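The values are calculated or read from the model by the stated rules, or taken from the named source; none is laboratory data. Small disclaimer: the values here were computed from a predicted structure and weren't measured. Ideal geometry is used to build each Cβ from the backbone, glycine not excepted, and the neighbour counts take in all protein chains shown. Note: accessible area is taken over every heavy atom of the protein model, side chains too, but ligands, DNA and RNA are not part of it. Shrake-Rupley method; radii C 1.70, N 1.55, O 1.52, S 1.80 Å.
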Amino acid sequence: MRSWARLGRIIITLMRYGVDDLVLANAPQPWIKTLRWCVTRGRSFEAPRGERLRLALEALGPIFIKFGQVLSTRRDLVPLDIADELARLQDKVPPIASEQALALIRQGLGRPLDEVFAHIEAEPVASASIAQVHFATLHDGREVAVKVLRPGMLSVIDDDLSLLHVLARWVERLSADGRRLRPREVVSEFDGYLHDELDLVREASNSAQLRRNMADLPLIMVPEMHWNLCTETVMVMQRMHGVPISQVQRLREAGVDIAKLARDGVTIFFTQVFRDGFFHADMHPGNIQVSLAPETFGRYIALDFGIIGTLTENDKQYLAQNFIAFFRRDYKRVAELHVESGWVPPDTRVDALEQAVRAVCEPHFDRPLKEISLGQVLMRLFQTSRRFNVEIQPQLVLLQKTLLNVEGLGRELDPELDLWATAKPFLERWMNEQVGWRALLRQLQAEAPRYAQLLPELPRLLHASLQARTPDHTALLQDLLHEQRRTNRLVRGVIIAIVGFVVGVLAARWWMALLH
């Protein structure tokens with residue numbers, strides 16, 4: 001009954017904001033057109049469709065808000081005006097009561113709070129749809145941030161997700177545009193993101209890995225995890241002191257080099273993607289701060305590691321080659337890479353795909369970032385991809401989302417930033433390290449321990465091979481000789497029979513001649 005009541009509320013809310021009209025607008029079936037005429041009579045919708053959808057998701061609560069945020073990144077599936085509007089969604093969730101939050105932290109840690117903390121702030125510093133954060137101090141004086149999941153989130157999320165799956169199936173059945181947008185695929189992807197965020201141990205491990213990867217890059221800081229205080233529902237980490245990156249004027253007044261900060265952001269992104277294949281995939285301004293401490297002045301501070309993207313070596317090689325080909329305006333190579341990777345059917349005409357990619361990308365080169373939109377470029381590329389039946393790779397969806405986040409940060413920090421010129425030297429250097437002598441030496445170094453174990457054994461293995469006894473083929477030779485004797489006897493019998501037959505014929509003819 002609770003699920004049916006929730007479904008009824010969802011349907012009423014969607015109808016109030018005219019989302020049903022958006023779904024049914026392009027349906028080809030006559031009965032659906034009639035249904036749309038009936039349900040929309042007496043209602044007028046002056047607000048744009050993207051705004052109406054955003055307001056409906058906000059009214060439905062935190063899970064739908066987060067779904068809209070994820071949907072806004074799928075510009076390969078969602079019309080651009082809707083994606084831009086959904087990108088404005090924010091977590092508008094009031095915090096849970098202080099007493100309840102502290103009780104949840106105590107329950108998650110399994111011991112009294114005064115045993116763990118010298119002091120913990122009852123009021124949260126941040127509150128989102130999944131969790132909220134409190135500042136605290138350990139008994140040894142270290143400042144920490146305590147992240148705690150909201151209560152009952154798993155059951156709430158599972159209930160709403162089951163309804164989202166049902167709605168997605170309805171949309172696919174009712175609308176041709178709905179089938180093209182593949183709502184079931186989007187909901188399944190969202191399902192995975194949410195369940196990953198519900199395990200704070202997973203988020204802590206993501207943070208630890210990113211911290212190790214970035215240890216030799218003095219451009220970014222990642223908080224240290226207190227593993228003895230991390231559970232599935234509570235995570236305790238080093239408290240980071242910084243200024244939100246969206247407060248550009250405050251950073252400028254503090255003396256931060258904003259242009260360098262923008263370039264550093266690009267370097268961090270491409271390092272995580274192409275060097276490590278492990279990148280922070282939720283780089284919106286709320287999760288990025290800048291340190292003003294003297295010893296770490298101007299460094300990025302990364303927060304919130306619930307969503308992390310990963311790439312294989314093949315993914316990295318393919319993407320790097322594509323980026324470099326784009327930077328060099330070698331559109332033929334871009335088309336060839338799509339065919340080689342299997343992203344397009346093997347019978348695709350390379351010259352036609354080359355022309356389509358050139359038409360999208362060429363107008364955007366040699367222009368500052370403030371004059372172009374990477375979202376527009378990606379949208380047109382995806383439209384072109386659909387025409388050539390390009391398969392969207394799931395592992396690259398988060399990369400696309402993060403690239404759009406990087407563009408947004410770049411626009412806020414330095415509108416004059418040339419993203420292409422900043423990234424090209426990094427990628428060319430990385431490719432040289434992957435395919436040149438450095439790559440060979442690095443691979444030899446990686447294999448050296450294995451060779452060190454094999455080399456001492458080689459003389460013994462060679463000696464054993466030389467001393468190996470020749471296999472005994474006596475029985476096989478006896479069988480061959482026996483078969484050869486049988487064959488010889490058969491051949492002799494055949495020859496004797498043929499000679500006897502010929503002699504008999506000749507003798508008969510001679511005898512007949514004597515009688516005449």
Which net charge results when you count Lys and Arg as +1 and Asp and Glu as -1 among the other residues whose beta-carbon is under 14 Å from that of residue 137? -3
Checking the table 332/401; 66/332; 401/424; 332/424; 66/424 against a 30 Å threshold on Cα-Cα, which pairs fail? 66/332; 66/424
Report, to the nearest whole %, how much of the accessible area of the stretch 265-341 belongs to carbon and sulfur atoms, 1.4 Å probe, protein only. 49
Could you please tell me the mean projected area of the C-alpha convex hull for the stretch 276-366, averaged over all directions and given in square nanometres to one decimal? 8.8
Starting from the residue with the highest accessible area, list 431, 15 in decreasing order, probe 1.4 Å. 15, 431
Any chance you could list P(r) for the stretch 228-334, counting all Cα-Cα pairs in 5 angstrom bins from zero, rounded to whole %? 2, 10, 16, 17, 16, 14, 11, 8, 3, 2, 0
Which net charge results when you count Lys and Arg as +1 and Asp and Glu as -1 among the other residues whose beta-carbon is under 14 Å from that of residue 293? 0
